[in-house]
Amino acid sequence: MRRLLAALACLSAAFLLVPQPAFAHPEDEFCTPGGGMDPALCQELARLDNAKADPSERTTGTGLEDTVNLDRSAFETAVFYVSIGFQHILPKGLDHILFVLALFLASTRLKPLLLQISAFTVAHTVTLGLTAAGFIAPPASIVEPLIALTIAWAALENILFKEMQAWRPLLAFGFGLVHGMGFAGAFGDLGLPQAIFWPALIGFNVGVEVGQLTVIGMAFAVSLLVRMLLARAGRSNQYRHVLVWPVSALIGAAGFWWAIERAFLQG
């Protein structure tokens, strides 16, 4: 039992210590080999980048600056972007994964967990839509450190309070507003034409939700295993000491470090 827990702790620490990009939502993070983005969109982004770098390469009078031709229906576009939204959580969204885990660890019962996740989902859906549609434009230099601080705060509460506090769903809602702006960082700057913008946005958001639920499902499976092992060892009342406190401490440490790195250590 002790060896298993020690191994899990070492793996978690090693995973967190692997260098991560300070800004988890670069503009064309999916335009990489195997990244999942539409080849046509990636080509258009490259052309626009080249045009910005060299004005002589701009195409004028043809309307190509605002045109991306995709040979798929709105439904097919939405389905395609589900996978992109999922990838933004698994495996590319380590900061969002840790926040969802912090929410999970705060709840020992299903109803409080559903309250938190529902509040978080509603909030980030709102700001994802507003940011991606261009109604609000929060700078990444502010949003990204704030996301890191939400991770640290949620993890710290898990250590300070034995039971989930009544304000936690409201806190999850407020933090969800911040995370929605972060989700939009991977989506809102692509310059999608209006014909596919909303189907793509809906699909992306659904993919994010599926990714979050997948994280919760895996965390639930691990928690059941730990509870079973503790029960066999006659230590059923040690769940918080063995799992919640150590994992929350690691999550909190990662969140605090990312907040400092994103706020002060970027060139």
Restricting attention to region 161-199, which residues are at pLDDT 90 or above and small (Gly, Ala, Ser)?
-> Ala172, Gly174, Gly176, Gly180, Gly182
Given the structure, is Gly211 farther than 30 Å from Tyr239 by Cα, crowded, with 18+ Cβ neighbours inside 10 Å and in contact (Cβ under 8 Å) with a residue 60 or more places away in the chain?
-> no
If you go through region 181-190 one residue at a time, do you hit one that is closer than 17 Å to Phe80 by Cα, assigned to a loop (DSSP other than H, G, I, E, B) and either in contact with a Ser or Thr (Cβ under 9 Å, 6 or more places away or on another chain) or without any contact (Cβ under 8 Å) to a residue 40 or more places away in the chain (or both)?
-> yes
When restricted to Ala119, Ala184, Ala154, the only residue in contact with a Gly (Cβ under 9 Å, 6 or more places away or on another chain), buried (at least 17 other Cβ atoms within 10 Å of the Cβ) and within 30 Å of Ser73 (Cβ to Cβ) is Ala184
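Being modelled with pLDDT of 85 or more, in a loop (DSSP other than H, G, I, E, B) and not charged (D, E, K, R) is the filter here, so list the residues in region 69-92 that pass it.
Our first condition is that a residue be modelled with pLDDT of 85 or more; within region 69-92, this holds for 74-92.
Those still in the list that are in a loop (DSSP other than H, G, I, E, B) too: 90-92.
Matches in region 69-92: Leu90, Pro91.
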Among Ala249, Ala200, Ala253, Ala263, the single one that is in contact with a Ser or Thr (Cβ under 7 Å, 6 or more places away or on another chain) and assigned to a helix (DSSP H, G or I) is Ala200
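Just to be sure before I move on: is Thr150 of a type in the set (Val, Ile, Thr), in a helix (DSSP H, G or I) and farther than 21 Å from Trp258 by Cα in the structure I sent?
Numbers: of a type in the set (Val, Ile, Thr): yes; in a helix (DSSP H, G or I): yes; farther than 21 Å from Trp258 by Cα: no.
No; evaluated as a whole, the condition is false for this residue.
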The condition from (1) part of a helix (DSSP H, G or I); (2) over 30 Å from Phe75 (Cβ atoms) that Thr214 misses is numbered (2)
Some residue of region 221-242 being touching a Gly at 6+ places or on another chain (Cβ under 9 Å), of a type in the set (Phe, Trp, Tyr) and surrounded by 13 or more Cβ atoms within 10 Å (Cβ to Cβ) = no
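For region 153-165, give me each residue that is within 12 Å of Gln116 (Cβ to Cβ) and either within 19 Å of the chain's Cα centre (by Cα) or not in a helix (DSSP H, G or I) (or both). Before the answer, list the steps.
So in region 153-165, the residues within 12 Å of Gln116 (Cβ to Cβ) come out as 154, 157-158, 164-165.
Result: Ala154, Met164, Gln165.
The values are calculated or read from the model by the stated rules, or taken from the named source; none is laboratory data. Keep in mind that this is a model prediction, so the values were computed, not measured. In this analysis, Cβ positions are derived from the backbone assuming ideal geometry, glycine residues included, and neighbour counts consider all displayed protein chains.
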